[in-house]
Structures are given as C-alpha cells and as structure tokens.
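Here's the structure, in structure tokens; my notes come after.
Nothing in this text is a laboratory measurement; each read-out follows from the coordinates by a stated rule. Note that this is a predicted model, so its numbers are computed, not measured. As a convention, Cβ positions derive from the backbone with ideal geometry for all residues, glycine included, and neighbour counts pool all protein chains shown.
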Amino acid sequence: MISNWREFWDRPHRIYVNDRHRRVHYAQVAVDIIAEIPQSGAVVLDYGCGEALQAADIAGHCRRLYLCESGPSLRDTLQRRLSGIPAIKVIAPEDLAELPDGSLDLVVANSVLQYLTREETARLAETLRPKLSREGRLIFADVIPPDGGIVSDVTSLVSTAARHGFLLAALAGLAQTLVSDYRRLRQAIGLTTYEKAEIVALLERAGYRAERRQKNFGFNPRRMTMIARPVR
C-alpha cells in the first residue's frame with residue numbers, strides 16, 4: 001500500500017492515460033524550460049524532473065543539466081537512459097548541498113510544490129538560494145491555487161487530449177482514476193495549494209523577489225508559475 005507521494009511517483013502509475021499523453025506532457029515542459037534558459041553556457045537544475053523524457057533536448061540548450069529526483073528507482077532509470085549524454089548528471093535531493101555556491105543559472109521545480117509541505121518548500125527555496133548565480137533564477141511552476149482542484153485538472157486534461165489526439169484514452173483514464181492510488185492519496189493526504197500572495201511571501205522570507213510568469217508551464221492555465229530572483 002502506497003502511503004506517500006514519493007512512493008507513488010517512484011513506482012509505475014497511471015497518472016498519464018497513455019504513452020502519447022506522457023510524451024505530450026514532457027515535450028511541453030521541455031519547451032517551457034528551454035524558453036527560460038538564459039544562454040547556451042547556462043547550468044540548469046530540473047528539481048523533481050520525473051521521467052524527463054525530453055532531457056536530451058533541454059541539455060542541448062545548456063552547458064550542464066542536473067536532473068534531481070527523490071525516488072531511487074526513477075533515478076536508476078534516468079541514469080541508465082541518459083548515461084551517454086555527458087552534459088546530464090542525475091542527482092538526489094541530498095546531493096544539492098554538494099553543488100558549488102553560485103553555480104546554477106536556472107532552477108526549475110515543475111509540478112512539485114503540491115506534493116511538499118509549506119515547510120519543505122521554504123527549506124527548498126532556502127537551500128537553493130546560495131546555489132544560484134548572480135543572475136540566477138528559481139522557477140516554481142505549476143503551483144496549484146486553492147480554487148484549482150479536480151474540476152480544473154479534468155478540464156485541462158480533456159482540452160489537452162482533444163488537441164493532441166488522445167481524447168478517448170483520456171476519458172477512459174478518468175474512469176480508472178476513480179479507483180487509483182492517486183485519487184486515494186489525494187483524498188487522504190491532499191495537495192498543498194497557494195494563493196499568489198502566499199507563495200510570493202514564502203519566497204520573500206527565503207530571500208527572493210518573486211513575480212508570476214504570464215503563462216504557466218504545461219497545459220493548465222489555472223495554475224501558476226512563479227519566477228524568483230535572489231535579493232543580493
């Protein structure tokens with residue numbers, strides 16, 4: 001029985017209705033990350049990268065790409081798949097402390113904050129701040145607002161599926177979700193949500209100035225992407 005989100009994401013799951021859905025998701029996230037890479041010589045950290053299906057594409061736009069994942073099985077899979085790309089290094093969250101201060105030009109945590117407590121998010125922001133370069137930025141993407149619940153998620157999925165050709169699979173997947181570990185965990189543990197002012201205040205306490213990106217990462221326009229810069 002899966003008891004927490006880390007276990008859920010480190011095991012096979014049905015959060016994506018089929019392989020096309022999975023690939024469409026990761027392709028869009030890669031486009032969003034690449035759009036924020038400041039220059040080809042940048043060092044980028046993708047925190048909570050998941051399967052990172054488009055990691056090779058992202059690595060082609062920067063000098064070094066760190067893929068950070070908490071799940072050991074997922075890290076092993078990433079390592080095997082991407083070991084032939086010298087620009088990519090797979091790390092665990094506990095390895096962040098070993099990164100040199102001032103070495104990261106861009107850090108992205110996409111669709112991660114909902115699975116962390118507020119205290120864990122604050123500690124993450126504080127840990128990453130000294131690791132950012134002078135012009136470095138921390139991006140918390142796909143942050144869920146209090147009114148961005150299951151209805152918003154379903155609407156976003158159906159709309160995306162209709163545009164990308166997997167609508168029937170999406171409808172079938174929604175039925176399967178009713179009896180899935182994801183639904184059970186979401187009901188038992190819940191997801192952490194933020195008002196815009198709340199996430200801005202959290203980042204300010206951690207030593208950043210933050211603003212909302214006009215467009216969210218991914219496909220759900222109800223969710224927020226926040227761009228934070230360390231206050232020097």
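Give a residue-ordered list of calculated ³J(HN,Hα) values for region 4-21 (Karplus: 6.51 cos²θ - 1.76 cosθ + 1.60, θ = phi - 60°; whole Hz; x for Gly, Pro).
8, 5, 4, 5, 4, 6, 8, 10, x, 8, 10, 5, 9, 6, 7, 5, 5, 4
From the phi of every residue in region 223-232, what ³J(HN,Hα) in whole Hz does the Karplus formula 6.51 cos²θ - 1.76 cosθ + 1.60 yield, where θ is phi - 60° and glycine or proline is x?
Each residue's phi maps through the Karplus curve to give 7, 10, 10, 10, 10, 10, 10, x, 7, 9 Hz.
Mean shadow of region 5-61, computed from the convex hull of its alpha carbons, in nm²?
On the way: hull surface 17.1 nm².
Result: 4.3 nm².
Arrange the peptides 81-90, 102-111, 197-206 so that the one whose residues have, on average, the most other Cβ atoms within 10 Å appears first.
Values: 81-90: 15.2, 102-111: 21.1, 197-206: 16.8.
Averaged packing, sorted descending, gives the order 102-111, 197-206, 81-90.
Using a Cα-Cα cut-off of under 18 Å, which lysines could be cross-linked to Lys196, ignoring same-chain neighbours fewer than 8 residues away?
Lys215
Which of Thr117, Val158, Ala97 sits closest to the plus end of the dipole of region 73-179, meaning its Cα is farthest towards the positive end, when Lys and Arg get +1 and Asp and Glu get -1 on the C-beta?
The one lying farthest along the dipole's positive direction is Val158.
If neighbour count is taken as other Cβ atoms inside 10 Å, put Cys68, Cys49 in order from fewest to most. Intermediate results must be reported in sequence, preceding the final value.
On the way: Cys68 22, Cys49 27.
In increasing order of surrounding Cβ atoms, one gets Cys68, Cys49.
Quick check: pseudo-label points 7 Å beyond the Cα along Cα→Cβ at His13 and Asp57, how many nm apart are they?
Going from the His13 label point to the Asp57 one covers 2.2 nm.
List, in order, the whole-Hz ³J(HN,Hα) value for each residue of region 92-108 obtained from phi through the Karplus relation with A = 6.51, B = -1.76, C = 1.60 and θ = phi - 60°; use x for Gly and Pro.
9, x, 5, 7, 4, 4, 7, 5, x, 4, x, 9, 9, 8, 8, 10, 10
Would you mind calculating the gained length between Ile150 and Gln79 on full extension (0.36 nm times residue separation, minus the Cα-Cα distance), in nm to one decimal?
Once the chain is fully extended between Ile150 and Gln79, it gains 22.2 nm.
Which order do the peptides 118-127, 222-231 come out in when sorted by mean C-beta neighbours inside 10 angstrom, highest first? List each step's numbers first, then the result.
Working: 118-127: 15.9, 222-231: 19.5.
Per-residue Cβ counts within 10 Å, averaged per peptide and sorted highest first, yield 222-231, 118-127.
For region 12-38 and region 48-70, what is the separation of their C-alpha centers, rounded to whole Å?
If you average the Cα positions of each part, the centres end up 12 Å apart.
Could you tell me what percent of the DSSP beta bridges with both partners in region 5-230 are antiparallel, to the nearest 5?
Just about 30 percent of them are antiparallel.
What is the chain's relative contact order, in percent, from Cα pairs under 8 angstrom and six or more apart in sequence?
On the way: 372 pairs, mean separation 50.9, N = 232.
Rounded, it is 22 percent for the chain.
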